[in-house]
Amino acid sequence: MIEAFDVIVIGAGPAGYVAAIRAAQLGQKTAIVDKEWLGGVCLNVGCIPTKSLLKNAEVAHTLRERGKEFGFTFENLSLDYSAAVKRSRQISDRLVKGIGFLMKKNGITVVMGSAILTRSGLISVTGQDGLLTELTAKNVIVATGASAVIPEAWKVDGEKVVTYREAILQTKLPKSAVIIGAGAIGMEFATLWNSYGMEVTVVEMLPRIIPLEDEEVSAELEKALKKRGIQTLAGHKVEAVERTETGVKVTVSTEGQTKSIEAEQALVAIGFRPNSNGLGLEEIGVKLSERGFIVIDEKMQTNIPGIWAIGDVTGKLMLAHVGSAMGIVCAEHIAGHETVTLDYEMMPRTTYCQPQVASFGLTEAQARERGYTVKIGRFPFQANGKALGLGDYVGWVKLVVDEKYSEILGAHMIGPEVTELLPELTLARMLELTPAEIARNIHAHPTISEVLMEAAHAAEGSAIHI
């Protein structure tokens, strides 16, 4: 017997499980299918465990490098990295169990197995035991995510050449590593590993690290990493990754010159490809881009009625919180509920290296390219009392503002806990507030958030504390 649903979600990551919950809230009989785990990459081997490991890394770095500054001394410091990994797994497990609870709470049927769309609305699920379950639904939401891009010649073996999945689970660190790719994953692992005393080299093919961020942020982060002893090689192309008896040899080239870097391990973090193969999408006529991403409209609908797609598999903006937002909007469209249209360019972006990086909207260069007359509001953390008290005051806040209408076009931040400062600014953008209104909003003192008020004052030409 084929069980019928109003909505079936394929993929139980932050996009999929949120879509399932919202659909159930709106009265839809809902099922969710996943071949591996509830919570997806984010909760199991991505966003969540890395933040746990990075907290351990922060403590390790303070103990190793800043004891004298804070007035404590000790002998024979021992850092147990396996304990950090154990803590990260406990946190992940707790949250994954929480997702299971939410499925039960909302009456969502969970089916574990590999799903294939045999025709629009009919899904065959093969469980790990080989048994076949058939489900049908009026609406199917594909939320299968993405996987790391791995050039075949580099031969990832999970030990000497790894992706984020192996890197996040290993309980023993090598003495040295080459990180290929200077995006968010590369920067976070560089911070983590360096904090435990590893020798780290980061290679990036594009002209600067974190290449999608504002140019000034890239330059500031490069200076901070250099001070920590992390070598960055931007504008270098990886020609070969070879395993050796002691680890790996990575050959890179720049401006016609080549050189080799030897280390115990190489981490490949050069991007992601969509998990769109093997689902039966092309067979039923779902349109895919040249790179395999599922093509959707602003409602998250594909070209086939009743087939929807959300999250990384669409390639819109491959971030967990964006996938979750897409899931809510998609479920609301399916249920005929009032909803919104997402502006992906204005979504918050975060990198949890040290110092942290956070941004949304247009960079200064992009704003000027689009013809805006730009004014900049900037404030440094060196002039913020809370940051000085924390001993964490590298960086600044930069607001990009349209001079004509005082519209906030974007914000770019590097410094302590800047990832926590984004919501005030993205909310201001959504509500069409100006820097003058942010400046008039009284911020508690002393707090890190005062830098936003001060940068807003600066954008209005009336900076107070600089």
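Quick notes on this structure:
- The set of residues in segment 288-314 that are in contact with a strand residue (DSSP E or B) (Cβ under 6 Å, 6 or more places away or on another chain), on the phi > 0 side of the Ramachandran plot and crowded, with 18+ Cβ neighbours inside 10 Å contains only M300.
- Residue match in segment 389-396 (condition: assigned to a loop (DSSP other than H, G, I, E, B), under 27 Å from the mean Cα position of the chain (by Cα), farther than 20 Å from G461 by Cα and without any contact (Cβ under 8 Å) to a residue 40 or more places away in the chain): yes
- Residue match in segment 61-69 (condition: small (G, A, S), open to solvent by less than 70 Å² (accessible area, probe 1.4 Å) and either assigned to a strand (DSSP E or B) or modelled with pLDDT of 95 or more (or both)): no
- Residue in segment 265-272 that is under 28 Å from V156 (Cβ atoms), without any contact (Cβ under 8 Å) to a residue 40 or more places away in the chain, more than 16 Å from the chain's Cα centre (by Cα) and outside any loop (DSSP other than H, G, I, E, B) present: no
- Search result, residues across segment 32-73 that are in contact (Cβ under 8 Å) with a residue 24 or more places away in the chain and of a type in the set (V, I, T): I32, V33, V41, V45, I48, T50
- Taking the criterion of being more than 22 Å from V9 (Cα to Cα) and either in contact with a Phe, Trp or Tyr (Cβ under 8 Å, 6 or more places away or on another chain) or open to solvent by less than 40 Å² (accessible area, probe 1.4 Å) (or both), the residues of segment 323-352 that qualify are M346, M347, P348, R349, T350, T351.
- The residue that is surrounded by the most Cβ atoms within 10 Å (Cβ to Cβ), among those in segment 1-60 that are in contact with a helix residue (DSSP H, G or I) (Cβ under 8 Å, 6 or more places away or on another chain) and among the aromatic types (F, W, Y), is Y17.
- Tally of residues being among the aliphatic types (A, V, I, L, M) and within 13 Å of M453 (Cα to Cα) across segment 369-384: 1
- Boolean, R208 is in contact (Cβ under 8 Å) with a residue 40 or more places away in the chain and either in contact with a Cys (Cβ under 9 Å, 6 or more places away or on another chain) or basic (K, R) (or both): no
- Some residue of segment 8-23 being closer than 29 Å to T314 by Cβ and aromatic (F, W, Y): yes
- Subset of segment 248-287 (residues that are open to solvent by 40 Å² or more (accessible area, probe 1.4 Å) and closer than 24 Å to T126 by Cα): R273, N275, N277, G278, E282, E283
- Of the residues in segment 306-328, none is closer than 20 Å to A137 by Cβ, assigned to a loop (DSSP other than H, G, I, E, B) and either without any contact (Cβ under 8 Å) to a residue 24 or more places away in the chain or aromatic (F, W, Y) (or both).
- Just one of the listed residues (T144, T126, T109, T73) is polar (S, T, N, Q), modelled with pLDDT under 95 and either open to solvent by 60 Å² or more (accessible area, probe 1.4 Å) or touching a helix residue (DSSP H, G or I) at 6+ places or on another chain (Cβ under 9 Å) (or both), namely T73.
- Remark: pairs (first residue in segment 369-383, of a type in the set (G, A, S); second residue open to solvent by 60 Å² or more (accessible area, probe 1.4 Å); Cβ separation under 7 Å; 6+ apart in sequence or on different chains) = A383/H465; A383/I466.
- Failed item, numbered, when F379 is tested on (1) open to solvent by 70 Å² or more (accessible area, probe 1.4 Å); (2) in a strand (DSSP E or B); (3) not aliphatic (A, V, I, L, M): (1)
- Filter result for V397 (out of contact with any Asp or Glu (no Cβ under 9 Å at 6 or more places or on another chain), surrounded by 16 or more Cβ atoms within 10 Å (Cβ to Cβ) and within 18 Å of T447 (Cβ to Cβ)): no
- Enumeration of residues in segment 373-425 that are in contact with a helix residue (DSSP H, G or I) (Cβ under 7 Å, 6 or more places away or on another chain) and of a type in the set (S, T, N, Q): N384, S406
- Between G247, G271, the distinction of being out of contact with any helix residue (DSSP H, G or I) (no Cβ under 9 Å at 6 or more places or on another chain), of a type outside the set (A, V, I, L, M) and closer than 30 Å to G415 by Cβ belongs to G271 only.
- Flag for I448 being among the β-branched types (V, I, T), closer than 21 Å to L221 by Cβ and part of a loop (DSSP other than H, G, I, E, B): yes
The values are calculated or read from the model by the stated rules, or taken from the named source; none is laboratory data. Note that the coordinates shown come from a computational prediction; the quantities given were computed from them, not determined experimentally. Cβ: placed from backbone, ideal geometry, glycine included. Neighbour counts: every protein chain shown. Keep in mind that these areas ignore ligands, DNA and RNA; they rest on the heavy atoms of the full protein, side chains included. Shrake-Rupley method; radii C 1.70, N 1.55, O 1.52, S 1.80 Å.
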